[in-house]
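A.B. asks: Mind having a look at this structure? Questions to follow.
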Amino acid sequence: MTDPAPIPPAVGNAATGPRARYKRKLSNYLLDKRLQLRYVLVVTILSGLIAGALGYLIYKQSADASASIENSMKSDIFANMQDFTDKINSNLQSGDQMLVYKMIGAGIGLVIILSLYLVIMTHKVAGPLFKVSMYFDRMADGRLTVVTPLRKGDMLQDFYQSFQETHDAIRARAKADVETMDKALVALRDQQNQADYRGEQRQKLVDALDGLEQHLTDRKKKLADR
Amino acid sequence: MTGQPPQGNRGYKRSWKNLLINKRYQLRFTLFMVGLSTLLMAGLGFWVMRVANDATEVAKADILGTQCDPPSAFEGQETDLDEEPDLDEAPAVPMKLEGEKAPVPPPPGDADGSAGDEGDVDEDGSDAGSGKPRRKIDVILDDMEVPAPAPIEIKVPKVRDGLKAEIIDHHICRMGIPASLDKLETRRLQILLVLIASGLVLVFGLAVYGIKMTHKVAGPLFKVGLYLAKMRDGRFDKVYNLRKGDQLVDFYEHFKVAHAGVVKMQKDDIDRAKAVIAAAEAAGAGEHAAVAELRTLVARKEKSLD
């Protein structure tokens, strides 16, 4: 899988969560080259083999028929019709040649259309995986932002929904933990100010509460909607 | 999930029972492949059969137009070897059949035939029955010269060299026509059967291959899905490696990094909370309600990492 690029800044309204949807572009259709090209290659090679084998059969049958006609025209009946037989033979040969060209053209067309179609089709699988990978990278950094839905037509909707639910649950739990720690911080600050703590123990508590405050500030930033 | 975790890798083996993990994804891709191949086979197969039929018809016409010229049996004489001999027109051959008696000419004698009466004859020639003296016939043997028959001259036409081979060739040619036609029909049927058989093999083979191939993608997704379900419930177990041959290895690495990031978040929270708890306890505020809440939080987070 290709390395996921960082998600560009959101375009839509941050408060509402989902940002403006990305549209499909030809330039980024090959998101997961290994996965997509493997499938494309398998199907294309297979189709090429079928078309090649059957095309050869067709050509052979046609060439056999032409050869049969050419042989029958070598008999004495056509001895005095050299021009006629030459013309017929020429037509038969050009017909066979045209058949080969037609089949090669059809084969190339098939491979091109099939490859494009398969790239588009596999993109609908690679797209969600790419998107989830980017969210995974954010999670690795502790950033739990809002997960936007997939584009219309994407596959792996069930998997993505499962991921989204997990992501939202972790995010909600992290927010709840932040809130709990925030309340504890405020309460202990009050306690610190009200009680007559002195000396080293007081400084240690102050340092610990400052550290917790900094930690919560960072965490809140990472839990922001965007 | 069972088994020992050797070096972060649990050796689940693939089994036929759970090949279809993600039916929608797997069947969609497999059916597309199978459907496409079937269409190709059917379309091109139809084309093949059409051309094969044309070629067979041409070959048949060519064979039916084959001239099996009869060889001339004798020099300067054309013989139709195919003509059946007409036995009715053959000259009648006089022959004496067994049991058939040739007509016996009447013996020379009286007109009334008295001389031919039956009866015993004495040695002296008298008729013993009637007592009448019998007439005597004197036979005079005379040497006759039978002229020798003239030698019969049989005219045998001169046979050409290689006539036998030509006759054999002619009959082979004649008999070869229906045989060749049968051969052509058999060949056409063979093409059709081969097309059908290869089409069926292709469809079944592709179906199995497609499911196995997509299973290597669906497998990692299924595994990630299981871990996601655990994470949703607040459990952050150890993440094991994929099986050999699985695809989406990079995607799985992203997941492992994300899992590790979430675990780190929990550990950071625990460290910060523990530091505050320790400082509060040292300062004499260990019994504060806020500290108790922090202890609960730490306990829950530590349990989630077990």
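The values are calculated or read from the model by the stated rules, or taken from the named source; none is laboratory data. All values reported here derive from a predicted model rather than from experimental measurement. Positions of Cβ are generated from backbone atoms using ideal geometry, with glycine treated the same way; all protein chains shown enter the neighbour counts.
A.B. asks: With the requirement that a residue be under 16 Å from the mean Cα position of the chain (by Cα) and more than 10 Å from chain B (Cβ to nearest Cβ), what does region A:133-154 give you?
C.D. replies: A:Pro149, A:Leu150, A:Arg151, A:Lys152, A:Gly153, A:Asp154
A.B. asks: Give region B:214-242 a look and list any residue that's within 14 Å of B:Leu19 (Cα to Cα) and touching a residue at least 40 places away in the same chain (Cβ under 8 Å), or say none.
C.D. replies: Of everything in region B:214-242, those that are within 14 Å of B:Leu19 (Cα to Cα) and touching a residue at least 40 places away in the same chain (Cβ under 8 Å) turn out to be B:Thr214, B:His215, B:Val217, B:Ala218, B:Gly219, B:Leu221, B:Phe222.
A.B. asks: Something else about it: Pick out the one residue from B:Ala280, B:Ala258 that is at the interface with chain A (Cβ under 7 Å from one of its Cβ atoms), over 24 Å from A:Leu223 (Cα atoms) and in a helix (DSSP H, G or I).
C.D. replies: The conditions single out B:Ala280.
A.B. asks: Select from region A:158-171 the residues that are without any contact (Cβ under 8 Å) to a residue 12 or more places away in the chain and of a type in the set (Val, Ile, Thr) and list them in ascending order.
C.D. replies: Passing the criteria: only A:Thr166.
Okay, residues lined up against (1) in contact (Cβ under 8 Å) with a residue 40 or more places away in the chain; (2) within 9 Å of chain B (Cβ to nearest Cβ); (3) within 22 Å of the chain's Cα centre (by Cα):
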{"residue": "A:Leu156", "(1), (2), (3)": "no, yes, yes"}
{"residue": "A:Arg173", "(1), (2), (3)": "no, yes, no"}
{"residue": "A:Asp177", "(1), (2), (3)": "no, yes, no"}
{"residue": "A:Asp182", "(1), (2), (3)": "no, no, no"}
{"residue": "A:Glu200", "(1), (2), (3)": "no, yes, no"}
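A.B. asks: Now, a different point. Where residues in region B:29-73 are under 30 Å from A:Leu114 (Cβ atoms) and of a type in the set (D, E, K, R), which of them is farthest from the other protein chains (Cβ to nearest Cβ)?
C.D. replies: Selected residue: B:Arg50.
A.B. asks: Further question on the same structure: On the basis of being touching a Gly at 6+ places or on another chain (Cβ under 8 Å), more than 10 Å from chain B (Cβ to nearest Cβ) and either assigned to a helix (DSSP H, G or I) or on the phi > 0 side of the Ramachandran plot (or both), does A:Val111 make the cut?
C.D. replies: So A:Val111 fits the description; yes.
A.B. asks: Of all residues being among the charged types (D, E, K, R) and free of Cβ contacts under 8 Å to residues at least 12 places away in the same chain in region B:283-299, which is farthest from the other protein chains (Cβ to nearest Cβ)? Just the residue, please.
C.D. replies: B:Glu287
A.B. asks: For the structure I just gave you, tell me whether A:Asp76 is at pLDDT 75 or above, farther than 30 Å from A:Asp137 by Cβ and out of contact with any His (no Cβ under 7 Å at 6 or more places or on another chain).
C.D. replies: Spelling it out, it is not the case that A:Asp76 is at pLDDT 75 or above, farther than 30 Å from A:Asp137 by Cβ and out of contact with any His (no Cβ under 7 Å at 6 or more places or on another chain).
A.B. asks: Run A:Thr166 past the list (1) modelled with pLDDT of 90 or more; (2) surrounded by fewer than 20 Cβ atoms within 10 Å (Cβ to Cβ) and report the number of the one that doesn't hold.
C.D. replies: Every listed condition holds for A:Thr166 apart from (2).
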